[in-house]
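Take a look at the structure set out below.
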Protein chains: 2
Amino acid sequence: MDHMTPDEFRQAGYRMIDWVASYLERLEEFPVLSSVQPGEIRAQLPPSPPLEGEPFEAVLSDLDEIVLPGITHWQSPNFFAFFPANASGPAILGELASAGLGVQGMLWATSPAATELETHVLDWLAEMTGLPDRFRSDGDGGGVIQDSASSATLVAMLAARERSTDGRANRTGITSRLVAYTSTQGHSSVEKAVRIAGLGSDQLRLVPVDETYAMRPDALEARIRADRERGEVPSIVVATVGTTSSTAIDPLGPIADICHRYGLWLHVDAAYAGTAAVCPEMRWILDGLEGADSYCFNPHKWMLTNFDCDAFYVADRAHLIETLSILPEYLRNQATESGTVIDYRDWQIPLGRRFRALKLWFVIRHYGVEGIRAHVRRHIGLADRFADHVDAHPEFELAAPHPFGLVCFRHVDGDEMNRRILERVNASGRLYLTHTVLDDRVTLRLAIGSPATTEHHVDRAWELISGG
Amino acid sequence: MDHMTPDEFRQAGYRMIDWVASYLERLEEFPVLSSVQPGEIRAQLPPSPPLEGEPFEAVLSDLDEIVLPGITHWQSPNFFAFFPANASGPAILGELASAGLGVQGMLWATSPAATELETHVLDWLAEMTGLPDRFRSDGDGGGVIQDSASSATLVAMLAARERSTDGRANRTGITSRLVAYTSTQGHSSVEKAVRIAGLGSDQLRLVPVDETYAMRPDALEARIRADRERGEVPSIVVATVGTTSSTAIDPLGPIADICHRYGLWLHVDAAYAGTAAVCPEMRWILDGLEGADSYCFNPHKWMLTNFDCDAFYVADRAHLIETLSILPEYLRNQATESGTVIDYRDWQIPLGRRFRALKLWFVIRHYGVEGIRAHVRRHIGLADRFADHVDAHPEFELAAPHPFGLVCFRHVDGDEMNRRILERVNASGRLYLTHTVLDDRVTLRLAIGSPATTEHHVDRAWELISGG
């Protein structure tokens, strides 16, 4: 057995830092979408693990030879697929600091700084993005880092389930027919959550949308009334600010009014778009949020913080904790029993948790609020630029509004043509786009999100797409 | 806005590596358990985020001044609390590589190497720890990295729920009275999972244990029969290899026989102890595992790989995927539709996932199988050494068998005395212990797990504990 000494760690660490820096320098040299065939990576790996340890150099070399060809380059300036999962220098180093400390933040006592920095930085984020005061930790609310918006939706649904059953479901299981609502454009994680939480996907209502793909409050109310009349128990609405297909924005104010009138939990999922609210001129996207019970957005999508980092807020933290807390003997400690501290294990599905607030703290301090605003504004401007290209071309059309960094568009010649364009540009290795379906029509999505993307990349993407 | 250039990243990165190396060198200088008061860390942080970016040096300096006093040092050789969450140089650098690449491994297509390396390294782990072939990916099974054993238990319970309802629960919700079983010593995450999955904690049966705190198969069978007679539907048994309180080992063979006879899913949670099976002489702890449907252990506990890294295996991956898969249009792609690849999003609760296999690969290659064996054997030897100290002292007694790195013991003068010892040693800052309750008696737990712990630290711990 051969633990690295601190000096060996230093030497290997410098090499690893150099490798990452060099990777970031070479980003544009690689095909954006990996072109390996299924099984091609595994075929290069030894069938059995090494019996004796190997030098660090051998691992680094395999990283170049074996791993890199199988990477789809999410940080490339030519990555326009899905939503971004952007990272940054300070985020990477914050993750390194967290791994170096190697602490478990499940309880306040197991590293008070991990809990307190998280609570604090999430209050910072609330201030930066203009969230209603009720989500701040100095009132009854508070924020926590979840791994993903999927988990945030699940946690919100569990809290809603308990509220709708007067705290019985945790004990008795699901005995009434609880109902969840999201729009036809809601994320697939809502369906996953109704399955996991035991409601069943038959109990999910997909509410129709208007011409901007936003949820229609009148349709929501009609569904809730119909369900109540049938003896079902409407429990939660998951509204979306920035849907995955086209960044549509559900009208939070009217939806919140309906939730209050009928006693439903309102969870607002702004996974991608929430970062935009760091710009005062974009705060309108959260109008009506003061009526929500929970909210989340993902700094790991558009706020330069590497996965995983979903910022999840509740207005009533006591209810969340009652929903998720279990205290076995081996976790009892004085701080917990004093009631004066937050134990974040009671805010999430897993028990353990690493010190994820560090990377967010590094990012906010490195860029400052103005730096993050400039980053968001630049991407919105690049999306406008791309949309102008589409608009000016007789054979292409915009498919939806584009308030953020995503442009939905299509060739006028229909689905087959759009599928061909997608295959052609992705096979070129020069960029990576994905698609969706809007109004039953195949629609191309260009999502701008890499810190390195410039006018040059956007113009070149348009040339490639339109130049077929 | 000021992104770090690759050169700025290099310079800041070297500083961060130095900081981690220096932290590891200074580990023993800090009080193991942080002694800050609630709110003390937050009080030192500015109430609002900085408007303009700050130099990296300022962040590094706050890491020393503000964060470190609020850290409980999980990597300290004097950390004996809970179970270990040990890390290592190669694991930290693997995490850095993963953050630097910044890829999302939700689909095979979004980085084939992230998926294939994970499948491959989990087959390596299966070989290293002697798992039955049915858990390997070359048959019908396969492994995946979950964030924690809590999530593994939840995912297993969801798969069991579907099997017990012929695949209906996901759609209709829970309509029959499903029952879950674990021993009175099972982990709290089992109760959390029955709540989340909608069974309800009333539907969890805590099966009595024998004098070694292991589940009694006769008692399990009696409970299952009684439940069936009442019209309930026994669905899953969560057996434990290495319980949290005292590392008791449930008898897997007899439990598996019962599960087969009555049609229950058997999940085996070896979160802490599973690493020991890397040593051939410890493989007996998994006797009977060939009858299980799923299994997990945490390399992030005892296998030198920093959190999060739970290795979760199923014997029938098709069933797991059917349970968790949802395919919205925006995730459709050729590779997925070809059916020839693994999309790990369908093996877990969240959609997104980072490239966690890298750190495990770095660890296995750095240490080799023999290096990890030596690490485990050393800790088991140190636990024996500590147990000998306890045994030789007239006022202390061993409270349970100690097959791994955990020793459960107590002072013969009863609960108050043991609580006083715990408070005294933890307040000293020289070590950190936690407690449990066994047979209604307060019991001290000394868990050896830091790579840096030696005979010296164990002997000194004993002096401090016994020398009151």
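Taking only the C-alpha atoms, wrap a convex hull around chain A and report its volume per residue in Å³ as a whole number.
Numbers: hull volume 80.8 nm³, N = 468.
Taking the convex hull of the Cα positions in chain A, it is 173 Å³ per residue.
Could you work out the relative contact order of chain B? I mean the mean sequence separation of Cα pairs under 8 Å and 6+ apart, divided by the number of residues, in percent. The partial results should precede the final answer.
Values: 856 pairs, mean separation 104.0, N = 468.
Relative contact order here is 22 percent.
Taking the Cα centre of region B:132-246 as origin and charging only Cβ (+1 Lys, Arg; -1 Asp, Glu), how large is the dipole, in debye to the nearest 20? Show your work: numbers first, answer last.
Working: 15 positive and 15 negative charges, 81 e Å.
It comes to approximately 380 debye.
With charges only on Cβ, +1 for K and R and -1 for D and E, what is the dipole size of chain B about its Cα centre, in debye, rounded to 20? List each step's numbers first, then the result.
Values: 42 positive and 64 negative charges, 170 e Å.
Using only the charged Cβ atoms, the result is roughly 820 debye.
By count of other Cβ within 10 Å, fewest leading, how are A:Asp440, A:Asp346 ordered? Working shown, then result.
Numbers: A:Asp440 7, A:Asp346 21.
Sorted ascending by nearby Cβ count, the order is A:Asp440, A:Asp346.
Once you place label points 7 Å from the Cα toward the Cβ at B:Gln334 and B:Glu370, how far apart are they in nm?
About 4.6 nm, to one decimal.
Report, for chain B, the % of DSSP beta bridges that are antiparallel, rounded to 5.
Values: 23 of 41 bridges.
Taking every DSSP beta bridge with both residues in chain B, the antiparallel ones total about 55 percent.
Please work out whether region B:1-135 counts as rounded, prolate or oblate from its C-alpha gyration tensor, where a ≥ b ≥ c are the square roots of the eigenvalues and a/c under 1.5 means rounded, while otherwise a/b larger than b/c means prolate and anything else oblate? Walk me through the numbers on the way to the answer.
Working: a/c = 2.27, a/b = 1.34, b/c = 1.69.
Verdict is oblate for region B:1-135.
Which of the GluC sites (Glu not before Pro) found in region B:1-59 are in a DSSP loop and have at most 11 neighbouring Cβ atoms, other than their own, within 10 Å?
Listed in order of number, the matching sites are B:Glu52.
Taking the axis about which chain B rotates onto chain A, which residue of B lies nearest it as judged by Cβ position, and how many whole Å separate them?
B:Gly198, 1
How far apart, in nanometres, would the label points at B:Arg15 and A:Asp257 be if each is projected 7 angstrom from Cα along the Cα-to-Cβ direction?
Those two pseudo-labels are separated by 5.3 nm.
Using the alpha-carbon centroid of each, what span in Å lies between region A:103-127 and region A:347-381?
14 Å
Name the residue from A:Ala87, B:Phe30, A:Ala271 whose Cα lies farthest towards the positive end of the charge dipole of the protein assembly as shown, charges +1 on Cβ of Lys and Arg and -1 on Cβ of Asp and Glu.
A:Ala271
Using Cβ counts within 10 Å as a stand-in for footprinting exposure, how do A:Ser245, B:Ser201, A:Ser235, A:Ser137 rank, fewest first? Don't jump to the answer; show the numbers that get you there.
Details: A:Ser245 24, B:Ser201 17, A:Ser235 27, A:Ser137 20.
Starting with the residue having the fewest Cβ neighbours, the order is B:Ser201, A:Ser137, A:Ser245, A:Ser235.
Chymotrypsin sites (Phe, Trp or Tyr not before Pro), restricted to region B:273-369: which are DSSP loop and have at most 13 other Cβ atoms within 10 Å? Before the final figure, lay out the partial values.
Values: sites: B:Trp284, B:Tyr295, B:Phe297, B:Trp302, B:Phe307, B:Phe312, B:Tyr313, B:Tyr330, B:Tyr344, B:Trp347, B:Phe355, B:Trp361, B:Phe362, B:Tyr367; in loops: B:Phe307, B:Phe355.
Sites meeting the loop and neighbour criteria: none at all.
Calculate the length of the line joining the C-alpha centroid of region A:140-158 to that of region A:242-320, in whole Å.
When both Cα centres are located, 11 Å separates them.
If r is the Cβ-Cβ distance from B:Thr184 to B:Thr454 and R0 is 51 Å, what FRET efficiency results, to the nearest 0.05?
On the way: r = 35 Å, r/R0 = 0.69.
For R0 = 51 Å, the calculated efficiency reads 0.90.
Work from the charge dipole of region B:369-466 (Cβ charges, +1 for Lys and Arg, -1 for Asp and Glu, about the Cα centre) and give the residue of B:Gly371, B:Met417, B:Ala427 farthest towards its positive end.
Highest projection toward the positive end goes to B:Gly371.
What percentage of all Cα-Cα pairs in region B:298-432 are separated by more than 22 Å? List each step's numbers first, then the result.
Numbers: 5602 of 9045 pairs.
So the pairs more than 22 Å apart make up 62 percent of the total in region B:298-432.
If the label for A:Ser48 sits 7 angstrom from Cα along the Cα-to-Cβ line, what are its distances to the same label in every other copy, in nm to one decimal, shortest first?
Computed spacing set for this position: 6.4 nm.
Select from A:Met282, A:Asn170, A:Val233 the residue farthest towards the positive end of the dipole of region A:168-296; place +1 on Cβ of Lys and Arg, -1 on Cβ of Asp and Glu, and compute about the Cα centre.
After comparing all options, I get A:Asn170.
With charges set only on the Cβ (+1 for Lys and Arg, -1 for Asp and Glu), what does the dipole of the protein assembly as shown come to about its Cα centre, in debye to the nearest 20? Spell out each step's value before the answer.
Working: 84 positive and 128 negative charges, 325 e Å.
That gives a dipole near 1560 debye.
Measuring label to label, 7 Å along Cα→Cβ, what does A:Gly130 give against each other copy in nm, shortest first?
6.4
Give me P(r) over the protein assembly as shown, computed from all C-alpha to C-alpha distances, binned every 10 Å, as integer percentages.
Taking every Cα pair in the protein assembly as shown, the percentages come to 2, 13, 23, 27, 22, 11, 3, 1, 0, 0.
To the nearest 0.05, what FRET efficiency results for A:Asp210 and A:Glu397 with a Förster distance of 22 Å applied to their C-beta separation? Walk me through the numbers on the way to the answer.
Details: r = 19 Å, r/R0 = 0.86.
Efficiency, from the Cβ-Cβ distance: 0.70.
Would you mind counting up the charge near A:Leu422? Only other residues with Cβ under 15 Å from its Cβ, with Lys and Arg at +1 and Asp and Glu at -1.
Details: positive: A:Arg410, A:Arg419, A:Arg420, A:Arg424, A:Arg430, A:Arg441, A:Arg445, B:Arg332; negative: A:Asp413, A:Asp415, A:Glu416, A:Glu423, B:Glu329, B:Glu337.
Net of charged neighbours comes to +2.
Report the GluC sites (Glu not before Pro) located in region B:209-264 that are in a DSSP loop and have at most 13 other Cβ atoms inside 10 Å of their Cβ, or state none.
On the way: sites: B:Glu211, B:Glu221, B:Glu229, B:Glu232; in loops: B:Glu211, B:Glu232.
Within region B:209-264, the qualifying GluC sites (Glu not before Pro) (loop, at most 13 other Cβ atoms within 10 Å) are B:Glu211.
Please figure out what share of the DSSP beta bridges in the protein assembly as shown is antiparallel and state it in percent, rounded to the nearest 5. Intermediate values should be presented prior to the final figure.
On the way: 46 of 82 bridges.
If I count the DSSP bridges inside the protein assembly as shown, around 55 percent turn out antiparallel.
Placing the label point 7 Å from Cα along the Cα-to-Cβ direction, what are the distances from B:Thr5 to the equivalent spots in the other copies, shortest first, in nm to one decimal?
The answer, with the shortest distance listed first, is 3.6 nm.
Please list, in order along region B:168-185, the HN-Hα scalar couplings obtained from phi with the Karplus expression 6.51 cos²θ - 1.76 cosθ + 1.60 (θ = phi - 60°), rounded to whole Hz, x for Gly and Pro.
Result, rounded to whole Hz: 9, 4, 4, 8, 9, x, 7, 10, 10, 8, 6, 10, 10, 10, 8, 7, 4, 9.
Could you check the spin-label model distance between A:Thr175 and B:Asp287? Points 7 Å from the Cα along Cα→Cβ, value in nm.
Output for this residue pair reads 4.4 nm.
Go ahead and estimate [θ] at 222 nm for chain A from helices alone: -39,500 (n - 2.57) per DSSP H run with n ≥ 4, summed, over the residue count, rounded to 500.
Working: 15 runs with 189 residues, N = 468.
The helix-only estimate for chain A comes to -12500 deg cm²/dmol at 222 nm.
Each value in this text was obtained by applying a stated rule to the coordinates, not by laboratory testing. Keep in mind that what you see is a predicted model, and the values were worked out from it rather than measured. Cβ coordinates were reconstructed from backbone atoms using ideal geometry, including for glycine residues, and neighbour counts include every protein chain displayed.
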